[in-house]
Amino acid sequence: MNETYENIIYENKNLIYKIASKYSGYYNLEDLFQVGVIGLIKAYNNYNPSFNVKLSTYAYDYIIGEILEYIRTERTIKVSSDTLKLFRSYQKTKEFLTNRDNHVPSLTEISNFMGINEKELSEIIERCNYCLSLDSFQKDEDFTLEKVVGVTYEDEIDKKLDIKTELEKLPENERKLIELRYFKDLTQSETAQYLGINQVQVSRYEKLILKKMNTKMMS
């Protein structure tokens, strides 16, 4: 392999592993890493220092794009409609028991209430959570912000659309900050460097933006 490529891979291997590890539950981590390397090399070949952004930041989309394409091709985890119905029932049962008993029920309590084998229910939850989590990382679903503003998958498409709508309403600088922090996985310091401001400003702006989004969505 080209010595320059080897150096670039070595310098960015932690980034590739960080991205690949998100999908390692059902796919071999080293296979995902090798696919991520392809994305990194593509990014390097298209990179220009005049972009005024670090190669690692520029390469993020290439790496995750290659990994997602690999998963779309190799994906073997399927969720049938019956399995998804059971998963929805699990979610509703958990919410019901939580409200009724004033505490979060154990898996045993939920499985007994539903009349389903606990091991089977556990497998259903793991499979569905993985696939739904994977789907949320697709390019068309970039702006979900579920983990940021407290929206979970069971809140369904209407709230997802609300989040996308609110993000699209943000000024470009605010939207870019949220994108860097929550979709590029940059630290506040890295985001500050990218945007040309300091870390304290990033922290303050981030809180204000999320609070504004949450307030609008709750109104």
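Do any trypsin sites (Lys or Arg not before Pro) in the stretch 34-129 lie in a DSSP loop with no more than 10 other beta carbon atoms within 10 Å, and if so, which?
Of the trypsin sites (Lys or Arg not before Pro), the ones in loops of the stretch 34-129 whose Cβ has at most 10 other Cβ atoms within 10 Å are Lys78.
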Send over the Kirkwood Rh of the stretch 3-74, from the inverse of the averaged 1/r over different Cα pairs, rounded to one decimal Å. 12.1 Å
Simple spin-label model, 7 Å along Cα-to-Cβ: Asn45 to Glu11 in nm? 1.9 nm
By how many nm would the segment from Arg204 to Thr98 lengthen if fully extended, with 0.36 nm per residue of separation less the alpha-carbon distance? 34.7 nm
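A short reminder: the numbers here are calculations on the coordinates, not readings from a lab. Keep in mind it's a predicted model, so treat the numbers as computed, not measured. Every residue, glycine as well, gets a Cβ built from its backbone with ideal geometry; the counts of neighbours run over all protein chains shown.
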